[in-house]
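Here is the structure we will look at, set down as C-alpha coordinates.
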Amino acid sequence: MALRIYDTLTQAKREFVPVTPGQVTMYVCGMTVQNKPHVGHIRSSLSAELMRRYLEHLGFSVRYAYNFTDIDDKIIERASQESVGWESVSERNIAAYRQFADLHNIKQATVYPRATEHIAEMHAMIARLIDRGHAYAAGGDVYFEVRSKADYGKLSNRRVDELREGYRIEPGEIKKDPLDFALWKGAKPGEPAWESPWGPGRPGWHIECSAMAMKHLGETIDIHGGGQDLIFPHHENEIAQSEACTGKPFANFWCENGLVNLSGSKMSKSVGNFFFIEDIAAKVDPEITRFYLLSTHYRSPIEFSLERLEEAGVAYARLRGPLERTQAWTAADGPAPGGALGEAVATAERLFHEAMDDDFNSAAAVGHLFDLARAINRALDEGGTSEATQGARRLLALGGILGLFWKAPATDAAWPAEVLALAEERVAARAARDWKRSDALRDQLAALGVLVEDSGQGQKLKRR
RNA sequence: GGCGGCAUGGCCAAGUGGUAAGGCGAGGGACUGCAAAUCCCUUAUUCCCCGGUUCGAAUCCGGGUGCCGCCUCCA
(Lines give C-alpha, C1' and ligand atoms only; values in the text may rest on other atoms or scores of the structure.)
Protein backbone atom coordinates (compact mmCIF):
# COMPACT_ATOMS: atom_id res chain seq x y z
CA MET A 1 0.00 0.00 0.00
CA ALA A 2 1.27 3.40 -0.92
CA LEU A 3 1.75 6.36 1.34
CA ARG A 4 -0.92 8.99 0.93
CA ILE A 5 -0.57 12.51 2.30
CA TYR A 6 -3.09 15.30 2.68
CA ASP A 7 -2.17 18.49 0.85
CA THR A 8 -3.70 21.79 1.92
CA LEU A 9 -3.31 23.33 -1.52
CA THR A 10 -5.44 20.73 -3.30
CA GLN A 11 -7.44 19.95 -0.15
CA ALA A 12 -7.14 16.24 -0.72
CA LYS A 13 -5.03 13.23 0.07
CA ARG A 14 -2.98 11.79 -2.72
CA GLU A 15 -0.19 9.35 -3.19
CA PHE A 16 3.18 10.67 -2.16
CA VAL A 17 5.70 10.77 -4.98
CA PRO A 18 8.89 12.70 -4.32
CA VAL A 19 10.49 14.98 -6.88
CA THR A 20 13.61 12.82 -6.84
CA PRO A 21 13.02 9.09 -6.46
CA GLY A 22 14.14 7.78 -3.11
CA GLN A 23 14.78 11.22 -1.70
CA VAL A 24 12.56 13.60 0.20
CA THR A 25 13.00 17.27 0.97
CA MET A 26 11.09 18.76 3.89
CA TYR A 27 10.94 22.32 5.09
CA VAL A 28 9.21 23.36 8.26
CA CYS A 29 8.55 26.91 9.42
CA GLY A 30 9.97 26.82 12.88
CA MET A 31 10.14 29.35 15.63
CA THR A 32 10.41 33.05 15.43
CA VAL A 33 12.67 33.07 18.42
CA GLN A 34 11.21 35.96 20.35
CA ASN A 35 10.41 33.84 23.41
CA LYS A 36 10.89 30.43 24.96
CA PRO A 37 9.45 27.47 23.07
CA HIS A 38 5.88 26.53 23.95
CA VAL A 39 3.90 23.33 23.56
CA GLY A 40 2.75 24.35 20.10
CA HIS A 41 6.30 24.50 18.84
CA ILE A 42 6.90 21.02 20.13
CA ARG A 43 3.74 19.72 18.54
CA SER A 44 4.61 21.19 15.20
CA SER A 45 8.15 19.84 15.35
CA LEU A 46 6.86 16.48 16.39
CA SER A 47 4.32 16.34 13.55
CA ALA A 48 7.04 17.03 11.03
CA GLU A 49 9.40 14.64 12.70
CA LEU A 50 6.76 11.93 12.66
CA MET A 51 6.63 12.27 8.88
CA ARG A 52 10.37 12.30 8.66
CA ARG A 53 10.75 9.17 10.78
CA TYR A 54 8.13 7.30 8.83
CA LEU A 55 9.54 8.34 5.47
CA GLU A 56 12.94 7.11 6.61
CA HIS A 57 11.36 3.91 7.83
CA LEU A 58 9.96 3.45 4.33
CA GLY A 59 13.47 3.77 3.00
CA PHE A 60 13.54 7.35 1.78
CA SER A 61 16.54 9.48 2.40
CA VAL A 62 15.19 12.65 3.95
CA ARG A 63 16.74 16.09 3.91
CA TYR A 64 14.90 18.16 6.49
CA ALA A 65 15.30 21.86 7.24
CA TYR A 66 13.79 23.47 10.33
CA ASN A 67 14.29 27.20 10.32
CA PHE A 68 14.71 29.86 12.95
CA THR A 69 13.52 33.33 12.13
CA ASP A 70 16.01 35.11 14.32
CA ILE A 71 15.20 38.73 13.60
CA ASP A 72 11.84 40.47 13.86
CA ASP A 73 10.05 43.32 15.61
CA LYS A 74 9.45 41.44 18.84
CA ILE A 75 12.99 40.18 19.11
CA ILE A 76 14.23 43.73 18.70
CA GLU A 77 11.72 44.97 21.22
CA ARG A 78 12.68 42.35 23.75
CA ALA A 79 16.38 42.96 23.30
CA SER A 80 15.88 46.62 23.90
CA GLN A 81 13.83 45.98 27.03
CA GLU A 82 16.64 43.86 28.36
CA SER A 83 19.34 46.17 27.03
CA VAL A 84 21.02 43.35 25.17
CA GLY A 85 21.69 42.69 21.50
CA TRP A 86 19.06 40.95 19.40
CA GLU A 87 21.50 38.05 19.01
CA SER A 88 21.42 37.21 22.67
CA VAL A 89 17.62 36.93 22.67
CA SER A 90 17.71 34.72 19.59
CA GLU A 91 20.57 32.54 20.75
CA ARG A 92 18.98 31.91 24.10
CA ASN A 93 15.65 30.85 22.63
CA ILE A 94 17.21 28.73 19.92
CA ALA A 95 19.24 26.93 22.56
CA ALA A 96 16.10 26.35 24.61
CA TYR A 97 14.26 24.98 21.61
CA ARG A 98 17.07 22.59 20.77
CA GLN A 99 17.25 21.43 24.37
CA PHE A 100 13.55 20.64 24.64
CA ALA A 101 13.27 19.13 21.18
CA ASP A 102 16.04 16.80 22.24
CA LEU A 103 14.36 16.05 25.54
CA HIS A 104 11.27 14.89 23.64
CA ASN A 105 13.32 12.66 21.38
CA ILE A 106 12.75 14.84 18.34
CA LYS A 107 15.49 13.90 15.89
CA GLN A 108 17.73 16.71 14.83
CA ALA A 109 16.92 18.28 11.50
CA THR A 110 19.45 18.00 8.72
CA VAL A 111 19.91 21.76 8.83
CA TYR A 112 18.70 24.56 11.09
CA PRO A 113 18.99 27.60 8.83
CA ARG A 114 18.65 31.06 10.34
CA ALA A 115 17.24 34.11 8.62
CA THR A 116 20.17 36.37 9.41
CA GLU A 117 22.59 33.91 7.86
CA HIS A 118 20.81 34.16 4.52
CA ILE A 119 20.67 37.88 3.87
CA ALA A 120 22.55 37.51 0.58
CA GLU A 121 20.16 34.84 -0.69
CA MET A 122 17.21 37.04 0.19
CA HIS A 123 18.75 39.98 -1.64
CA ALA A 124 19.20 37.84 -4.72
CA MET A 125 15.58 36.75 -4.58
CA ILE A 126 14.28 40.25 -4.04
CA ALA A 127 16.32 41.56 -6.96
CA ARG A 128 14.93 38.83 -9.16
CA LEU A 129 11.39 39.61 -8.08
CA ILE A 130 11.90 43.27 -8.93
CA ASP A 131 13.31 42.30 -12.33
CA ARG A 132 10.35 40.16 -13.06
CA GLY A 133 7.92 42.90 -12.13
CA HIS A 134 6.63 41.27 -8.95
CA ALA A 135 8.18 43.63 -6.45
CA TYR A 136 8.97 47.31 -6.12
CA ALA A 137 11.10 49.49 -3.91
CA ALA A 138 9.46 52.34 -2.08
CA GLY A 139 10.92 54.63 0.55
CA GLY A 140 13.66 52.25 1.66
CA ASP A 141 11.30 49.27 1.76
CA VAL A 142 10.68 46.66 -0.90
CA TYR A 143 7.22 45.19 -1.33
CA PHE A 144 5.85 42.18 -3.11
CA GLU A 145 3.07 43.23 -5.45
CA VAL A 146 0.21 40.91 -4.75
CA ARG A 147 -1.75 41.88 -7.86
CA SER A 148 1.13 40.89 -10.10
CA LYS A 149 0.42 37.25 -9.32
CA ALA A 150 -2.91 36.06 -10.69
CA ASP A 151 -3.14 33.02 -8.43
CA TYR A 152 -2.37 34.87 -5.20
CA GLY A 153 -4.55 33.36 -2.48
CA LYS A 154 -4.66 29.84 -3.86
CA LEU A 155 -3.44 28.11 -0.72
CA SER A 156 -5.88 29.72 1.68
CA ASN A 157 -8.70 30.16 -0.86
CA ARG A 158 -8.78 33.87 -0.59
CA ARG A 159 -9.39 36.47 -3.24
CA VAL A 160 -7.54 39.72 -3.17
CA ASP A 161 -10.69 41.78 -3.56
CA GLU A 162 -12.34 40.10 -0.61
CA LEU A 163 -9.25 40.47 1.52
CA ARG A 164 -9.02 44.18 0.98
CA GLU A 165 -12.00 44.93 3.15
CA GLY A 166 -10.87 46.00 6.56
CA TYR A 167 -7.23 45.89 5.62
CA ARG A 168 -5.28 48.94 6.54
CA ILE A 169 -1.93 50.37 5.70
CA GLU A 170 0.39 50.84 8.63
CA PRO A 171 1.63 54.38 9.10
CA GLY A 172 4.86 54.82 7.20
CA GLU A 173 4.17 52.13 4.65
CA ILE A 174 4.04 53.18 1.06
CA LYS A 175 2.32 50.38 -0.77
CA LYS A 176 0.58 50.21 -4.10
CA ASP A 177 -1.97 47.89 -2.61
CA PRO A 178 -2.81 47.37 1.05
CA LEU A 179 -2.16 43.64 0.68
CA ASP A 180 1.36 44.03 -0.65
CA PHE A 181 3.79 42.72 1.93
CA ALA A 182 7.31 43.77 2.81
CA LEU A 183 10.23 41.77 1.45
CA TRP A 184 12.71 44.24 2.90
CA LYS A 185 12.10 46.73 5.65
CA GLY A 186 14.15 49.89 5.72
CA ALA A 187 15.82 50.41 9.09
CA LYS A 188 14.51 52.94 11.53
CA PRO A 189 17.07 54.73 13.66
CA GLY A 190 18.63 52.49 16.28
CA GLU A 191 17.42 49.25 14.75
CA PRO A 192 19.72 46.44 13.72
CA ALA A 193 20.31 46.69 9.99
CA TRP A 194 22.04 45.03 7.08
CA GLU A 195 23.25 46.79 3.98
CA SER A 196 21.27 46.20 0.82
CA PRO A 197 20.84 47.61 -2.69
CA TRP A 198 17.74 49.39 -1.37
CA GLY A 199 19.41 50.86 1.67
CA PRO A 200 20.05 49.52 5.17
CA GLY A 201 17.32 47.40 6.65
CA ARG A 202 16.23 43.89 7.53
CA PRO A 203 14.19 41.11 5.97
CA GLY A 204 10.40 41.14 5.97
CA TRP A 205 8.71 38.20 7.58
CA HIS A 206 8.12 35.75 4.74
CA ILE A 207 11.09 36.03 2.45
CA GLU A 208 13.52 34.18 4.69
CA CYS A 209 11.63 30.91 4.40
CA SER A 210 11.57 31.00 0.61
CA ALA A 211 15.25 31.87 0.39
CA MET A 212 16.33 29.24 2.91
CA ALA A 213 14.13 26.48 1.53
CA MET A 214 15.47 27.05 -1.96
CA LYS A 215 19.05 27.26 -0.86
CA HIS A 216 19.03 24.12 1.25
CA LEU A 217 16.44 22.00 -0.52
CA GLY A 218 15.94 23.26 -4.06
CA GLU A 219 13.31 25.21 -5.95
CA THR A 220 10.57 22.62 -5.56
CA ILE A 221 10.41 20.86 -2.23
CA ASP A 222 8.39 17.77 -1.44
CA ILE A 223 6.84 18.63 1.90
CA HIS A 224 6.32 21.99 3.53
CA GLY A 225 5.13 22.04 7.12
CA GLY A 226 4.23 24.42 9.91
CA GLY A 227 1.24 25.23 12.09
CA GLN A 228 -2.19 25.78 10.58
CA ASP A 229 -2.09 29.34 11.81
CA LEU A 230 0.61 30.00 9.22
CA ILE A 231 -1.51 29.13 6.20
CA PHE A 232 -2.41 32.76 5.83
CA PRO A 233 -0.56 34.96 5.37
CA HIS A 234 2.81 33.29 5.83
CA HIS A 235 2.60 30.23 3.61
CA GLU A 236 0.45 32.05 1.09
CA ASN A 237 3.13 34.69 0.73
CA GLU A 238 5.88 32.13 0.56
CA ILE A 239 4.18 30.47 -2.38
CA ALA A 240 3.56 33.76 -4.14
CA GLN A 241 7.11 35.05 -3.89
CA SER A 242 8.77 31.70 -4.54
CA GLU A 243 6.74 30.82 -7.59
CA ALA A 244 6.92 34.36 -8.91
CA CYS A 245 10.67 34.00 -8.64
CA THR A 246 11.21 30.56 -10.17
CA GLY A 247 8.09 29.89 -12.17
CA LYS A 248 8.04 26.43 -10.59
CA PRO A 249 5.78 24.92 -7.92
CA PHE A 250 7.29 25.72 -4.54
CA ALA A 251 6.08 22.68 -2.60
CA ASN A 252 4.23 19.54 -3.63
CA PHE A 253 2.61 18.83 -0.29
CA TRP A 254 1.53 21.44 2.21
CA CYS A 255 1.17 19.68 5.55
CA GLU A 256 0.08 22.04 8.25
CA ASN A 257 -0.43 20.62 11.71
CA GLY A 258 -3.40 21.33 13.99
CA LEU A 259 -3.04 23.77 16.85
CA VAL A 260 -2.84 23.19 20.56
CA ASN A 261 -5.90 24.26 22.52
CA LEU A 262 -6.12 25.16 26.15
CA SER A 263 -9.53 24.87 27.76
CA GLY A 264 -11.29 24.91 24.45
CA SER A 265 -9.60 27.77 22.70
CA LYS A 266 -6.36 28.34 20.93
CA MET A 267 -3.29 28.80 23.03
CA SER A 268 -2.04 32.31 22.58
CA LYS A 269 -0.19 34.99 24.40
CA SER A 270 -2.92 37.56 24.05
CA VAL A 271 -5.34 35.32 25.94
CA GLY A 272 -2.64 34.55 28.46
CA ASN A 273 -3.22 30.84 28.20
CA PHE A 274 -0.14 29.05 27.13
CA PHE A 275 2.33 26.51 28.32
CA PHE A 276 6.03 26.86 27.92
CA ILE A 277 7.40 23.45 27.24
CA GLU A 278 9.86 23.83 30.11
CA ASP A 279 6.93 24.08 32.53
CA ILE A 280 5.37 20.94 31.13
CA ALA A 281 8.64 19.05 31.12
CA ALA A 282 9.10 19.89 34.80
CA LYS A 283 5.85 18.09 35.62
CA VAL A 284 5.43 15.44 32.97
CA ASP A 285 7.83 12.83 31.63
CA PRO A 286 8.67 13.98 28.09
CA GLU A 287 8.07 10.45 26.87
CA ILE A 288 4.47 10.77 28.03
CA THR A 289 4.06 14.17 26.43
CA ARG A 290 5.35 12.72 23.19
CA PHE A 291 3.01 9.76 23.44
CA TYR A 292 0.08 12.05 24.17
CA LEU A 293 0.73 14.30 21.21
CA LEU A 294 1.04 11.28 18.94
CA SER A 295 -2.25 9.81 20.11
CA THR A 296 -4.22 12.41 18.16
CA HIS A 297 -3.90 12.84 14.41
CA TYR A 298 -1.47 15.63 13.53
CA ARG A 299 -4.04 17.71 11.66
CA SER A 300 -6.62 17.69 14.45
CA PRO A 301 -6.62 20.27 17.18
CA ILE A 302 -5.47 18.87 20.49
CA GLU A 303 -6.49 19.83 23.98
CA PHE A 304 -3.59 20.27 26.33
CA SER A 305 -4.06 19.92 30.07
CA LEU A 306 -2.46 18.18 32.98
CA GLU A 307 -5.47 15.88 33.34
CA ARG A 308 -5.11 14.71 29.74
CA LEU A 309 -1.42 14.13 30.30
CA GLU A 310 -1.98 12.17 33.48
CA GLU A 311 -4.44 9.99 31.63
CA ALA A 312 -1.89 9.52 28.87
CA GLY A 313 0.64 8.52 31.50
CA VAL A 314 -1.55 5.64 32.65
CA ALA A 315 -2.14 4.53 29.08
CA TYR A 316 1.52 4.75 28.19
CA ALA A 317 2.53 2.72 31.22
CA ARG A 318 0.23 0.03 29.92
CA LEU A 319 1.90 0.13 26.53
CA ARG A 320 5.32 -0.17 28.10
CA GLY A 321 4.17 -3.02 30.34
CA PRO A 322 5.20 -5.88 28.05
CA LEU A 323 8.57 -4.25 27.49
CA GLU A 324 9.20 -4.04 31.20
CA ARG A 325 7.92 -7.51 31.88
CA THR A 326 10.21 -9.04 29.28
CA GLN A 327 13.04 -6.55 29.70
CA ALA A 328 13.01 -6.16 25.93
CA TRP A 329 14.79 -2.85 25.77
CA THR A 330 17.33 -3.76 23.18
CA ALA A 331 17.38 -5.74 19.97
CA ALA A 332 14.25 -4.24 18.54
CA ASP A 333 12.80 -6.36 15.81
CA GLY A 334 14.35 -9.84 15.57
CA PRO A 335 12.50 -12.98 14.63
CA ALA A 336 8.73 -13.07 14.94
CA PRO A 337 7.20 -15.41 17.50
CA GLY A 338 5.09 -18.31 16.33
CA GLY A 339 1.57 -19.33 17.23
CA ALA A 340 -1.23 -17.00 18.20
CA LEU A 341 1.19 -14.29 19.25
CA GLY A 342 2.87 -14.50 15.87
CA GLU A 343 -0.47 -13.81 14.25
CA ALA A 344 -1.10 -10.92 16.58
CA VAL A 345 2.29 -9.46 15.68
CA ALA A 346 1.65 -9.80 11.97
CA THR A 347 -1.77 -8.20 12.29
CA ALA A 348 -0.49 -5.34 14.38
CA GLU A 349 2.36 -4.68 11.99
CA ARG A 350 0.08 -4.68 8.99
CA LEU A 351 -2.53 -2.40 10.57
CA PHE A 352 0.14 -0.12 11.95
CA HIS A 353 1.58 0.44 8.48
CA GLU A 354 -1.84 0.87 6.92
CA ALA A 355 -2.60 3.55 9.48
CA MET A 356 0.67 5.36 8.93
CA ASP A 357 0.35 5.09 5.17
CA ASP A 358 -2.93 6.95 5.50
CA ASP A 359 -1.61 10.46 6.07
CA PHE A 360 0.55 9.49 9.04
CA ASN A 361 -2.35 8.41 11.22
CA SER A 362 -0.37 7.88 14.40
CA ALA A 363 -3.54 7.85 16.50
CA ALA A 364 -4.82 4.75 14.76
CA ALA A 365 -1.33 3.25 14.73
CA VAL A 366 -1.05 3.65 18.49
CA GLY A 367 -4.36 1.86 18.89
CA HIS A 368 -2.90 -1.20 17.17
CA LEU A 369 0.07 -1.08 19.50
CA PHE A 370 -2.31 -1.57 22.41
CA ASP A 371 -3.75 -4.66 20.80
CA LEU A 372 -0.27 -6.08 20.40
CA ALA A 373 0.58 -5.24 24.00
CA ARG A 374 -2.42 -7.21 25.18
CA ALA A 375 -1.45 -10.21 23.09
CA ILE A 376 2.04 -10.17 24.56
CA ASN A 377 0.71 -9.91 28.11
CA ARG A 378 -1.53 -12.85 27.44
CA ALA A 379 1.39 -14.92 26.18
CA LEU A 380 3.36 -13.93 29.24
CA ASP A 381 0.53 -14.91 31.57
CA GLU A 382 0.41 -18.27 29.86
CA GLY A 383 4.11 -18.81 30.43
CA GLY A 384 5.38 -18.28 26.92
CA THR A 385 8.28 -16.12 27.98
CA SER A 386 10.56 -16.47 25.00
CA GLU A 387 7.74 -16.03 22.52
CA ALA A 388 6.56 -13.01 24.49
CA THR A 389 10.04 -11.52 24.43
CA GLN A 390 10.16 -11.86 20.68
CA GLY A 391 6.77 -10.20 20.49
CA ALA A 392 7.90 -7.43 22.79
CA ARG A 393 10.86 -6.72 20.56
CA ARG A 394 8.49 -6.29 17.65
CA LEU A 395 6.43 -3.92 19.77
CA LEU A 396 9.58 -2.01 20.62
CA ALA A 397 10.40 -1.74 16.93
CA LEU A 398 6.94 -0.47 15.99
CA GLY A 399 6.97 2.07 18.79
CA GLY A 400 10.42 3.09 17.62
CA ILE A 401 8.98 4.13 14.27
CA LEU A 402 6.99 6.70 16.24
CA GLY A 403 10.00 7.60 18.35
CA LEU A 404 8.52 6.03 21.46
CA PHE A 405 10.16 3.74 24.03
CA TRP A 406 13.50 5.48 23.95
CA LYS A 407 14.15 5.24 27.63
CA ALA A 408 14.67 2.02 29.51
CA PRO A 409 13.19 2.05 33.01
CA ALA A 410 15.29 2.79 36.07
CA THR A 411 17.14 -0.25 37.30
CA ASP A 412 17.34 -1.19 40.95
CA ALA A 413 20.78 0.31 41.20
CA ALA A 414 19.29 3.69 40.53
CA TRP A 415 17.08 3.66 43.63
CA PRO A 416 18.19 5.65 46.69
CA ALA A 417 19.69 3.64 49.52
CA GLU A 418 16.72 4.42 51.73
CA VAL A 419 14.36 2.84 49.25
CA LEU A 420 16.54 -0.20 48.77
CA ALA A 421 16.78 -0.73 52.52
CA LEU A 422 13.02 -0.67 52.95
CA ALA A 423 12.58 -2.97 49.99
CA GLU A 424 15.05 -5.44 51.37
CA GLU A 425 13.35 -5.43 54.72
CA ARG A 426 10.04 -6.08 53.01
CA VAL A 427 11.42 -9.10 51.22
CA ALA A 428 12.48 -10.48 54.59
CA ALA A 429 9.09 -9.73 56.14
CA ARG A 430 7.36 -11.53 53.29
CA ALA A 431 9.62 -14.52 53.65
CA ALA A 432 8.56 -14.65 57.28
CA ARG A 433 4.93 -14.26 56.19
CA ASP A 434 4.72 -11.14 58.34
CA TRP A 435 1.99 -9.49 56.25
CA LYS A 436 1.40 -6.66 58.66
CA ARG A 437 5.02 -5.58 58.50
CA SER A 438 5.13 -6.15 54.76
CA ASP A 439 2.11 -3.92 54.15
CA ALA A 440 3.48 -1.20 56.40
CA LEU A 441 6.70 -1.19 54.42
CA ARG A 442 4.74 -1.01 51.18
CA ASP A 443 2.99 2.09 52.53
CA GLN A 444 6.30 3.64 53.51
CA LEU A 445 7.67 3.05 50.04
CA ALA A 446 4.52 4.50 48.52
CA ALA A 447 5.07 7.62 50.57
CA LEU A 448 8.48 7.88 48.89
CA GLY A 449 6.83 7.63 45.50
CA VAL A 450 7.72 4.01 44.94
CA LEU A 451 5.14 1.47 43.87
CA VAL A 452 5.70 -2.13 44.91
CA GLU A 453 4.44 -4.99 42.81
CA ASP A 454 4.71 -8.61 43.90
CA SER A 455 4.92 -11.31 41.33
CA GLY A 456 6.09 -14.87 40.95
CA GLN A 457 9.60 -13.56 40.42
CA GLY A 458 9.52 -11.59 43.63
CA GLN A 459 9.01 -7.93 44.33
CA LYS A 460 9.36 -5.15 41.79
CA LEU A 461 9.80 -1.45 42.40
CA LYS A 462 8.28 1.18 40.16
CA ARG A 463 8.30 4.90 40.19
CA ARG A 464 4.83 6.30 40.31
C1' G B 1 -19.13 38.74 6.29
C1' G B 2 -15.27 35.41 3.49
C1' C B 3 -12.26 30.94 3.89
C1' G B 4 -10.99 26.25 6.36
C1' G B 5 -12.15 22.53 9.90
C1' C B 6 -14.90 19.82 13.58
C1' A B 7 -19.50 17.55 15.94
C1' U B 8 -18.60 9.52 17.53
C1' G B 9 -20.30 6.07 24.66
C1' G B 10 -19.03 9.41 31.36
C1' C B 11 -14.09 11.54 29.25
C1' C B 12 -10.19 11.25 25.22
C1' A B 13 -9.96 9.36 20.26
C1' A B 14 -9.70 6.27 15.26
C1' G B 15 -13.00 5.22 11.47
C1' U B 16 -14.83 8.65 3.79
C1' G B 17 -20.15 3.28 1.40
C1' G B 18 -20.68 -2.76 4.08
C1' U B 19 -22.95 -3.02 9.28
C1' A B 20 -18.93 1.37 15.51
C1' A B 21 -10.56 0.56 16.63
C1' G B 22 -7.94 1.88 20.87
C1' G B 23 -7.14 4.43 25.65
C1' C B 24 -8.96 6.51 30.41
C1' G B 25 -12.95 5.71 33.76
C1' A B 26 -16.82 2.32 35.72
C1' G B 27 -18.96 -2.68 37.03
C1' G B 28 -18.20 -8.17 37.42
C1' G B 29 -14.76 -12.40 37.39
C1' A B 30 -9.67 -14.95 37.50
C1' C B 31 -4.90 -14.48 39.91
C1' U B 32 -3.00 -12.56 45.06
C1' G B 33 -2.16 -13.37 52.25
C1' C B 34 -4.14 -8.41 50.81
C1' A B 35 -2.85 -5.31 46.96
C1' A B 36 -0.60 -3.83 42.41
C1' A B 37 0.25 -5.52 37.58
C1' U B 38 -1.99 -8.82 34.07
C1' C B 39 -5.93 -11.63 31.71
C1' C B 40 -11.36 -12.54 30.72
C1' C B 41 -16.37 -10.39 30.50
C1' U B 42 -19.70 -6.04 30.55
C1' U B 43 -20.17 -0.66 29.48
C1' A B 44 -22.61 3.57 21.85
C1' U B 45 -28.76 -1.25 18.06
C1' U B 46 -25.66 3.77 17.34
C1' C B 47 -22.23 8.17 15.40
C1' C B 48 -25.59 16.80 16.57
C1' C B 49 -30.73 17.40 14.03
C1' C B 50 -34.01 16.97 9.51
C1' G B 51 -34.53 15.31 4.64
C1' G B 52 -32.32 12.68 0.23
C1' U B 53 -29.20 9.06 -2.78
C1' U B 54 -28.19 3.68 -2.17
C1' C B 55 -29.54 -3.24 -1.52
C1' G B 56 -26.69 -0.84 2.34
C1' A B 57 -24.28 5.68 5.26
C1' A B 58 -21.06 7.67 11.17
C1' U B 59 -19.09 7.77 6.27
C1' C B 60 -22.07 10.65 -0.04
C1' C B 61 -25.73 14.98 -1.27
C1' G B 62 -29.11 19.10 0.44
C1' G B 63 -30.82 22.01 4.60
C1' G B 64 -30.34 23.29 9.72
C1' U B 65 -27.87 23.85 14.77
C1' G B 66 -23.49 24.29 17.71
C1' C B 67 -18.15 24.77 18.36
C1' C B 68 -13.05 25.93 16.72
C1' G B 69 -9.26 28.22 13.61
C1' C B 70 -7.63 31.90 9.88
C1' C B 71 -8.79 36.75 7.63
C1' U B 72 -3.59 41.27 12.69
C1' C B 73 2.09 38.72 15.34
C1' C B 74 1.58 33.52 16.35
C1' A B 75 3.62 26.31 15.58
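The values are calculated or read from the model by the stated rules, or taken from the named source; none is laboratory data. Just so we're clear, the structure is a prediction, and the values are computed from it rather than from any experiment. Please note: Cβ atoms are built from the backbone with ideal geometry, for glycine as well, and neighbour counts cover all protein chains shown. Heavy atoms of the whole protein, side chains included, go into the accessibility calculation; ligands, DNA and RNA do not. Shrake-Rupley method; radii C 1.70, N 1.55, O 1.52, S 1.80 Å.
Full extension of the segment from A:E425 to A:N157, taken as 0.36 nm per residue of separation minus the current Cα-Cα distance, would add 89.5 nm. Applying the Karplus relation 6.51 cos²θ - 1.76 cosθ + 1.60 with θ = phi - 60° to the range A:174-185 yields 3J(HN,Hα) values of 10, 10, 6, 9, x, 7, 4, 10, 6, 8, 9, 10 Hz, where x marks Gly and Pro. Summarising the amide proton neighbourhood of A:I221: residues at separation of 5 or more, or on other chains, whose placed amide H is nearer than 5 Å comprise A:A251, A:N252. If the chain linking A:K248 and A:A364 were pulled fully straight, counting 0.36 nm for each residue of separation and taking away their Cα-Cα distance, it would gain 38.2 nm.
If R0 is 22 Å, what FRET efficiency do you get for A:S83 and A:E278 from their C-beta distance, rounded to 0.05? Efficiency computed from Cβ-Cβ geometry: 0.40.
Binning the C-alpha pair distances of the range A:271-321 at 5 Å intervals from 0 yields a P(r) profile of 5, 18, 31, 24, 16, 4, 1, 0 %, listed from the shortest bin outward. Helix A:362-381 and the longest principal axis of the C-alpha atoms of chain A enclose an angle of approximately 10°. Per-residue surface analysis assigns A:E382 an accessible area of about 140 Å², computed on protein heavy atoms at 1.4 Å probe radius.
Calculated [222 nm] ellipticity per residue, helices only, for chain A: -14500 deg cm²/dmol; basis is -39500 (n - 2.57) per DSSP H run with n ≥ 4, divided by all residues, nearest 500.
Taking amide H atoms as placed 1.01 Å from N in the peptide plane, the amide H of A:D141 lies under 5 Å from those of A:G186, each 5 or more residues away in sequence or on another chain.
One decimal place: the segment A:R378-A:V111 gains 91.6 nm when fully extended, by the rule 0.36 nm per residue minus the C-alpha distance.
In this simple spin-label approximation, A:Q99 and A:A150 carry label points 7 Å from Cα along the Cα→Cβ vector, and these lie 5.3 nm apart. Report the FRET efficiency, 1/(1 + (r/R0)^6), for A:A447 and A:L58, where r is their Cβ-Cβ distance and R0 is 45 Å, rounded to 0.05. FRET efficiency, A:A447 to A:L58: 0.40.
Converting phi to 3J(HN,Hα) with the Karplus coefficients 6.51, -1.76 and 1.60 and the offset θ = phi - 60°, the range A:432-448 yields 8, 6, 8, 5, 4, 5, 4, 5, 5, 5, 4, 5, 4, 5, 4, 5, 8 Hz in sequence order, with x at every glycine or proline. Rolling a 1.4 Å probe across the protein heavy atoms gives the range A:281-401 an accessible surface of 41 Å² per residue.
Under 5 Å from the amide H of A:T32 lie the amide H atoms of A:T69, each residue being 5 or more positions distant or on a separate chain, with H modelled from the backbone and absent for Pro and chain starts.
Note that the range A:412-463 presents 67 Å² accessible area per residue, ligands and nucleic acids not counted, probe 1.4 Å.
Ignoring ligands, DNA and RNA, what percent of the accessible area of chain A is carbon or sulfur (1.4 Å)?
Values: 10270 of 20640 Å².
About 50 percent, which is the carbon plus sulfur part of the accessible surface.
The listed residues A:T10, A:T326, A:T289 rank as A:T10, A:T326, A:T289 when sorted by accessible area, largest first, using a 1.4 Å probe. With every protein chain in place and a 1.4 angstrom probe, the accessible-area ranking of A:E387, A:E238, A:E162, largest first, reads A:E162, A:E387, A:E238. Counting every C-alpha pair in the range A:386-464, the share spaced more than 16 angstrom apart comes to 59%. Along its three principal directions, the equivalent ellipsoid of chain A from the Cα gyration tensor extends over semi-axes of 50, 26, 17 Å, largest first.
Phi angles across the range A:278-295 convert, under the Karplus curve 6.51 cos²θ - 1.76 cosθ + 1.60 with θ = phi - 60°, into 3J(HN,Hα) values of 5, 6, 5, 5, 6, 10, 10, 4, x, 5, 6, 4, 4, 4, 4, 5, 7, 8 Hz, Gly and Pro given as x.
Enter the Cα centre distance for the pair the range A:4-46 and the range A:192-231, rounded to the nearest angstrom. Cα centroid to Cα centroid, the span is 16 Å.
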